[in-house]
Amino acid sequence: MSQFLEWATHGVKRGGLEFRSRPGVLLSTLVGVVALVATVYLALVSRTAAQGRRIEQLQTEIFRLQRENEQLVVEIAEMSTVPDLMERATALGFAPAQRVEYLADLD
């Protein structure tokens, strides 16, 4: 069993992982930089998508409020006709003026 263990571990170094060669250090640095750039890119894309959804929601809200305002304008126009105003005034107890007097402007 001793020979098998020696054979299986003869190429394995004892100790920590060491990078003494320049290409190994450059490769690990490159991988680290690429991972950092990818993380920042994904964060920005996620933020941009969230802002896009928020803008869409706000535009939908604007369109809904515009439709509501247009409906209110129509209702105001319908309630502002002269016959309707006269009917409402009568219901509130107002009556047409019997005698009207005009005052002359004395400059």
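The values are calculated or read from the model by the stated rules, or taken from the named source; none is laboratory data. All figures in this text were calculated on a predicted structure; none of them were measured in a lab. Every residue, glycine as well, gets a Cβ built from its backbone with ideal geometry; the counts of neighbours run over all protein chains shown.
Only one of ARG88, ARG54, ARG47, ARG22 is exposed (fewer than 10 other Cβ atoms within 10 Å of the Cβ) and of a type outside the set (A, V, I, L, M, F, W, C). Can you tell me which?
Criteria check complete, one pass: ARG22.
Quick check on segment 1-13. Is at least one of its residues among the hydroxyl-bearing types (Ser, Thr, Tyr), modelled with pLDDT of 90 or more and surrounded by 10 or more Cβ atoms within 10 Å (Cβ to Cβ)?
There is no residue in segment 1-13 that is among the hydroxyl-bearing types (Ser, Thr, Tyr), modelled with pLDDT of 90 or more and surrounded by 10 or more Cβ atoms within 10 Å (Cβ to Cβ).
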